[in-house]
Amino acid sequence: MNRQLLRIMSIGVLGLALGLTVPLTSPAADEAQTLFNQGATHVNKGEFQEAAKALQQALEVFPRFAAAHHLLGVVSFTGLQQPDQAVTHLKKAVELHPNFARAYFDLGLVHQRQKNLEAAKTALQKALEIYPGFADAQLNLAFAYDQLGERKQAIGAYQTVLKQDPNQLTARFNLATLYDMQGDTDQATQQLQKLTSLDPQDANAWLLLAQLAEKSQNDQQAIEAYQKALEITPDLLDAHYALGYLMQAQDQPEQAVNHFREVVRLNPKHAEAQLNLGVLLANLDKLDEAEQAYLAALKVNPNLVEGYYNLGVFYEFHRKDTDRALEQYRKYIELGGQDDRVRKLLKKVGS
């Protein structure tokens with residue numbers, strides 16, 4: 001459930017100082033700078049092919065122009081969808097200018113998008129070594145640790161992000177998720193409570209907060225959090241499904257029915273929701289609707305063992321139709337059902 005959203009690399013005006021890598025008195029530098037500026041102008045207009053051409057010309061004039069390699073790497077990846085070319089130019093940029101933190105950062109992003117996570121981690125660590133306050137690099141390094149399953153390092157990196165910027169909501173959400181994965185429900189809950197106070201419209205945060213409350217058996221808190229999530233995003237299937245169970249446990253069958261109906265509306269092939277609907281509707285004496293719900297569940301999943309059991313109970317006790325009940329019970333036993341009462345009943349009638 002983690003939010004693995006990478007910060008998109010910027011391809012606007014970079015503001016790089018050419019004097020760091022090229023002698024300002026060189027005629028080649030002047031020409032290369034002019035071509036670089038043309039490339040940057042094209043980038044700002046979204047003219048990526050023209051930008052790449054101007055930057056390539058700049059590099060033909062002055063091959064050791066680190067800023068041109070960097071911008072061409074960014075254009076290759078973001079504008080032209082050429083990740084291999086992007087990596088080549090970004091690596092050249094950091095080779096020519098070893099303290100080029102932004103180029104290491106963008107190299108890390110390209111590797112991250114290519115799922116080359118170890119290389120991404122190395123590049124992002126280098127960016128932070130050069131510029132420890134580089135917030136976006138810290139965030140994406142946390143993502144890399146997270147994606148690699150290095151939870152301890154990811155937690156530390158997210159905590160560092162939040163020290164720099166307490167309002168970094170993605171970091172806070174992912175940190176909560178990691179705490180939850182480690183079984184630290186209290187820490188996860190604290191992070192989500194802080195997140196929802198900063199952004200009350202974050203439906204996913206409310207959803208995870210509700211799931212944590214439910215896990216801790218705080219049913220009322222769970223209900224309130226699920227309801228908050230649905231106020232923001234009414235079509236959250238998981239929230240409706242959970243509320244169906246919780247409302248049933250709270251002896252509010254009509255509300256439970258409404259939530260399970262929403263699950264079925266959102267996913268007509270949700271057999272378990274159909275089955276729960278059948279149970280609830282039967283208990284509310286809405287027998288025709290209950291029967292349809294049971295049949296719908298079994299149509300979606302013909303191997304749903306509990307579906308045959310519940311339909312058998314429905315026919316036996318609600319419809320008083322022993323023959324149809326026995327038919328369902330036989331299928332229940334054939335699929336591995338273990339209910340002793342049903343076994344004895346079938347044995348008694350010789351089935």
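Every number here is computed from the coordinates shown, using simple stated rules; none is lab data. None of these values were measured; they are calculated from a predicted model. Note that each Cβ is placed from the backbone with ideal geometry, even for glycine, and that neighbours are counted across all protein chains shown.
Compared with the dominant principal axis of the Cα atoms in the chain, helix 271-283 is inclined by about 40°. Of the trypsin sites (Lys or Arg not before Pro) found in the range 102-210, those in coil by DSSP whose Cβ has at most 12 other Cβ atoms within 10 Å are 115. If you take the beta carbon distance between residue 258 and residue 50 as r and set R0 to 41 Å, what does 1/(1 + (r/R0)^6) give as a FRET efficiency, to the nearest 0.05? Calculated transfer efficiency: 0.10. The alpha carbon radius of gyration of the range 99-200, expressed as a multiple of 2.2 N^0.38 Å, is 1.08.
Of the trypsin sites (Lys or Arg not before Pro) found in the range 44-95, the ones in coil according to DSSP and having at most 10 other Cβ atoms within 10 Å of their Cβ are 45.
Within the listed set 336, 307, 46, the Gaussian network model of the chain (springs between alpha-carbon atoms below 10 Å) gives the highest mean-square fluctuation for 336.
Please give the charge dipole size of the range 77-204, origin at the Cα centre, charges +1 on K and R Cβ atoms and -1 on D and E Cβ atoms. Round to the nearest 20 debye. Intermediate results must be reported in sequence, preceding the final value.
Working: 12 positive and 14 negative charges, 63 e Å.
So the dipole magnitude of the range 77-204 works out to roughly 300 debye.
By the rule of a C-alpha distance below 16 Å, with chain neighbours fewer than 8 residues away ignored, the lysines paired with residue 344 are 331. Relative to the dominant Cα principal axis of the chain, helix 287-300 is inclined by about 50°. Between the listed residues 346, 41, 263, the Cα displaced farthest toward the positive end of the dipole of the chain, a dipole computed from Cβ unit charges relative to the Cα centre, is found at 346. Using equal-weight Cα scatterers in the Debye expression, the normalised intensity of the range 215-344 in log10 at q = 0.11, 0.16, 0.20 Å⁻¹ is -0.42, -0.80, -1.08. For the chain, the Kirkwood hydrodynamic radius from C-alpha pairs, put into Stokes-Einstein at 4 °C and a viscosity of 1.567 mPa s, yields a diffusion coefficient of 52 µm² per second.
Over 29 Å between C-alpha atoms is what I'm after, so list which of 92/121; 126/215; 53/121; 215/320; 269/347 land there. Walk me through the numbers on the way to the answer.
Working: 92/121 18 Å; 126/215 40 Å; 53/121 31 Å; 215/320 39 Å; 269/347 34 Å.
Pairs exceeding 29 Å: 126/215; 53/121; 215/320; 269/347.
Dipole size of the range 264-351 about its Cα centre, with +1 on Lys/Arg Cβ and -1 on Asp/Glu Cβ: approximately 220 debye, rounded to the nearest 20.
Remark: the chain carries a charge dipole of roughly 700 debye about the Cα centre, counting +1 on each Lys and Arg Cβ and -1 on each Asp and Glu Cβ. Under 12 Å from a label point set 7 Å out along the Cα-to-Cβ vector of residue 186, no amide N atom of the range 215-229 is found.
Rg/Rh for the range 312-351 (Cα atoms only, Rh after Kirkwood) is 0.94. Report, in degrees rounded to the nearest 10, the 0 to 90 angle that the Cα long axis of helix 117-130 makes with the longest principal axis of the chain. For helix 117-130, the angle is close to 50 degrees.
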